[in-house]
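J.: Before I ask anything, here is the structure I am working with.
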Amino acid sequence: MTIADAFPVQFYLNLNKHDERRRQTLLQLLDAGLQNVERVAAVDGRWVTSIEACRGYSSEKRYAQALTHKMAIWRARQRQAPAVLIFEDDVVLAKDVNERLAEINLPDDWGIFLLGCQHLVRPVVMAPGLVRCAQTWDMHAYAVNSRYYSRVMGVLTGTRRRPLAVPETCDTQLQKLMGEVPVYAAWPNLAWQSGGPSYAAGGWCNDNYMPGGRQTKNLAAVEGIDEEMEEQRSTRAVRKRNFRSREAWLNWRPVNVEASGSGLGDRLRSIAAMMAVAELEGKMLRVLWLPDNYCPGEVTNVLQAGAVEIVDDEREWLRLTMAERVVNDLAFYHTMDEVWERWKANFDSTYPENSNTLRNRWGRMLRRLRVNASIVQRVDEQLRTWRPGRLMGVHIRRTDVMQDPAKRINAENVAQYDAALLQRARETAQQKTADAFFIACDNPDSAAHWREQLEPLGLPVFHHWKSWQPDALRQSSLEDAMTDMFLLSRCDRIIGSVYSSFAVVAAEMGSIEYEIVPPAASNNEYAA
């Protein structure tokens, strides 16, 4: 791999007062052919008011250092970069860094890649030039995969109070992720720290590395790695073939969300469910998403690239997932309970996970999905225009539900649902627990009817404008539907229809309460 291809965004961290270090770092990066590395002005420890404000870090300078690393990763996330490479300004690069890096192929599951470090616990040799880390020290040159931006920023934030045990540094914080995030490192080191004084360490001169980059301490942790790697190099061709033949099945969890009746809510619910399973299994998720009458649009209409790989060609998806070996594992997962029952039968029963904790994990996966930036902007502008205060979301699903005999909602009994929803909205207005209503509907008749019903209650009624398509099963575009869903997620509470995952997903995305209102009849025979 090359640095430019693998890590499209590159930063180096440098204090404003360290001009000489800035010049030295720039010259070194340019010598290595890295012409697009941007400077991030480091946070000065003098800006931190007191040691009590350091969130558990050992000094104001250490806390400032952690904030700087966090800021660089945050910038990469804002740019939607698939990965970011970060250098500290006391880094030393190997003269042949590009040639040696070209021989390294990072596994698909990589989360953090260290160009150099000091190993405290023996790493696992993966391939010539690459080891998987168990416990390391130093963050002078490292990359982060976009899948783990939030996780790394979260651990760098520190604690809310100063711990009584050993105070934290960036390095010890990163160590906390090494049991759950796949961390790899180059071997031998492609980068190491200079022997000059460290500002964050209070002027201590680094003596962890020899001039050529080998670590000088904890030598027992790395004894014999060169010999083991040479043995792997001698059988590299065979190992490479075996790895590639197994890679699709071992590293990926496939799911097909293109199934009969799978609308937007069902698809997002299924993706989040399998993201939860894939995370527990240490795999990445590969999803087949094909438009159909129930979900007429591409995934790029509603989501940004990020946590999962979306495939839009069925033959390519079958090839990538080696479907002949996993054909029984590709069912459409409709509910979290279904996922849990099918998954636990094939997993270690001693694992500390149950249906409730898995469902909580599913909610986190939903909130990790990144909604298309244009939709987020549209929702923000809409809310600024409305200025609603406490917003009650009212979700009405009628069009395709009334066409499905199995759901037993028809022209004769639909009035029971409407009466119950209207009564619940009336109670909300009387109790003054909301300042406005937002209507999310799947057809223009419902939108007009419910505006007419809600306006006499004395609260403002908002409805997102859509371009309706009356002849289609889904009468609004996928972008409009996602806008409705995201607006619902920004409400304070949602009430709505049965037989709909749409508002359930919206409520989970916004971490708000969703209430299914049963029909006004004396029994709930129609309630789902």
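The values are calculated or read from the model by the stated rules, or taken from the named source; none is laboratory data. Since this is a predicted model, take the numbers as computed values, not measurements. With ideal geometry, Cβ positions are generated from the backbone for all residues, glycine too; neighbour counts draw on all protein chains shown. In case anyone asks, the SASA skips ligands and DNA or RNA and just uses the protein heavy atoms, side chains included. Shrake-Rupley method; radii C 1.70, N 1.55, O 1.52, S 1.80 Å.
J.: Could you list, in sequence order, all residues of the stretch 374-386 that are open to solvent by 50 Å² or more (accessible area, probe 1.4 Å) and not charged (D, E, K, R)?
T.: Listed by number, the residues that qualify are Ser374, Gln377, Thr385.
J.: Could you list, ordered by first residue, the pairs with Cβ atoms under 6 Å in which the first is in the stretch 429-452 and surrounded by 20 or more Cβ atoms within 10 Å (Cβ to Cβ) and the second is of a type in the set (Phe, Trp, Tyr), at least 6 apart or interchain?
T.: Cβ pairs passing all conditions: Phe438/Phe462; Ile439/Trp450.
J.: Can you tell me which residue among Leu106, Leu164 is part of a loop (DSSP other than H, G, I, E, B), at pLDDT 90 or above and open to solvent by 10 Å² or more (accessible area, probe 1.4 Å)?
T.: Going through Leu106, Leu164 in turn, just one is part of a loop (DSSP other than H, G, I, E, B), at pLDDT 90 or above and open to solvent by 10 Å² or more (accessible area, probe 1.4 Å): Leu106.
J.: Suppose we filter the stretch 87-103 for residues that are closer than 27 Å to Thr68 by Cβ and part of a loop (DSSP other than H, G, I, E, B); how many remain?
T.: Residues that pass the stated criteria total 3.
J.: OK, next. Which of the residues spanning the stretch 125-161 are open to solvent by less than 60 Å² (accessible area, probe 1.4 Å), assigned to a strand (DSSP E or B) and at pLDDT 90 or above?
T.: Leu130, Val131, Thr136, Ala141, Tyr142, Ala143, Val144, Asn145
Quick grid of which residues meet (1) under 18 Å from Ser146 (Cβ atoms); (2) in contact (Cβ under 8 Å) with a residue 40 or more places away in the chain; (3) charged (D, E, K, R); (4) in contact with a strand residue (DSSP E or B) (Cβ under 9 Å, 6 or more places away or on another chain):
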{"site": "Leu15", "(1), (2), (3), (4)": "no, yes, no, yes"}
{"site": "Leu27", "(1), (2), (3), (4)": "no, no, no, no"}
{"site": "Val37", "(1), (2), (3), (4)": "no, yes, no, yes"}
{"site": "Ala102", "(1), (2), (3), (4)": "no, yes, no, no"}
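J.: Could you look through the stretch 5-27, keep only residues that are among the aromatic types (Phe, Trp, Tyr) and in a strand (DSSP E or B), and pick out the one that is surrounded by the most Cβ atoms within 10 Å (Cβ to Cβ)?
T.: By that ranking, first place goes to Tyr12.
J.: Would you mind telling me which numbered condition in (1) in contact (Cβ under 8 Å) with a residue 60 or more places away in the chain; (2) over 15 Å from Met392 (Cβ atoms); (3) open to solvent by 10 Å² or more (accessible area, probe 1.4 Å) Val498 fails?
T.: With (1) in contact (Cβ under 8 Å) with a residue 60 or more places away in the chain; (2) over 15 Å from Met392 (Cβ atoms); (3) open to solvent by 10 Å² or more (accessible area, probe 1.4 Å) applied to Val498, the lone miss is (3).
J.: For the subset of the stretch 453-476 comprising residues that are within 23 Å of Gly263 (Cβ to Cβ) and among the aliphatic types (A, V, I, L, M), which member is surrounded by the most Cβ atoms within 10 Å (Cβ to Cβ)?
T.: So the residue we want is Leu473.
J.: Would you please name the residue that is least open to solvent (accessible area, probe 1.4 Å), looking only at residues in the stretch 28-51 that are closer than 22 Å to Arg77 by Cα and aliphatic (A, V, I, L, M)?
T.: The extreme case among them is Val40.
J.: Scan the stretch 431-453 residue by residue and report those that are assigned to a helix (DSSP H, G or I) and touching a Leu at 6+ places or on another chain (Cβ under 8 Å).
T.: Gln453
Rundown of residues vs (1) open to solvent by less than 60 Å² (accessible area, probe 1.4 Å); (2) more than 35 Å from the chain's Cα centre (by Cα); (3) modelled with pLDDT of 50 or more, yes/no style:
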| site | (1), (2), (3) |
| --- | --- |
| Met210 | no, yes, yes |
| Lys217 | no, yes, yes |
| Ile225 | yes, no, yes |
| Glu228 | no, yes, yes |
| Glu231 | no, yes, yes |
| Ala237 | no, no, no |
| Glu247 | yes, no, no |
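J.: From Asp418, Asp471, grab the single residue that is part of a loop (DSSP other than H, G, I, E, B) and acidic (Asp, Glu).
T.: The match here is Asp471.
J.: Residue under question is Glu427, and the condition is that it be over 22 Å from Cys295 (Cβ atoms) and assigned to a helix (DSSP H, G or I); does it hold?
T.: For Glu427, the condition - over 22 Å from Cys295 (Cβ atoms) and assigned to a helix (DSSP H, G or I) - is met.
J.: So Arg122 clears everything in (1) more than 26 Å from the chain's Cα centre (by Cα); (2) over 20 Å from Gln10 (Cβ atoms); (3) open to solvent by less than 60 Å² (accessible area, probe 1.4 Å); (4) touching a residue at least 24 places away in the same chain (Cβ under 8 Å) except one condition, right? Which one?
T.: Result: Arg122 passes all but (3).
J.: Is it true that Glu88 is in contact with a His (Cβ under 8 Å, 6 or more places away or on another chain) and open to solvent by 10 Å² or more (accessible area, probe 1.4 Å)?
T.: Yes.
J.: Then there is this: Residue check: is Ser489 open to solvent by less than 20 Å² (accessible area, probe 1.4 Å), within 24 Å of Gly297 (Cα to Cα) and modelled with pLDDT under 90?
T.: Against the criterion (open to solvent by less than 20 Å² (accessible area, probe 1.4 Å), within 24 Å of Gly297 (Cα to Cα) and modelled with pLDDT under 90), Ser489 does not qualify.
J.: Looking only at the stretch 60-72, decide whether some residue is at pLDDT below 90, within 16 Å of His140 (Cα to Cα) and of a type in the set (Gly, Ala, Ser).
T.: yes
J.: Take Ala72 and decide whether it is crowded, with 19+ Cβ neighbours inside 10 Å and within 30 Å of Glu309 (Cα to Cα).
T.: yes
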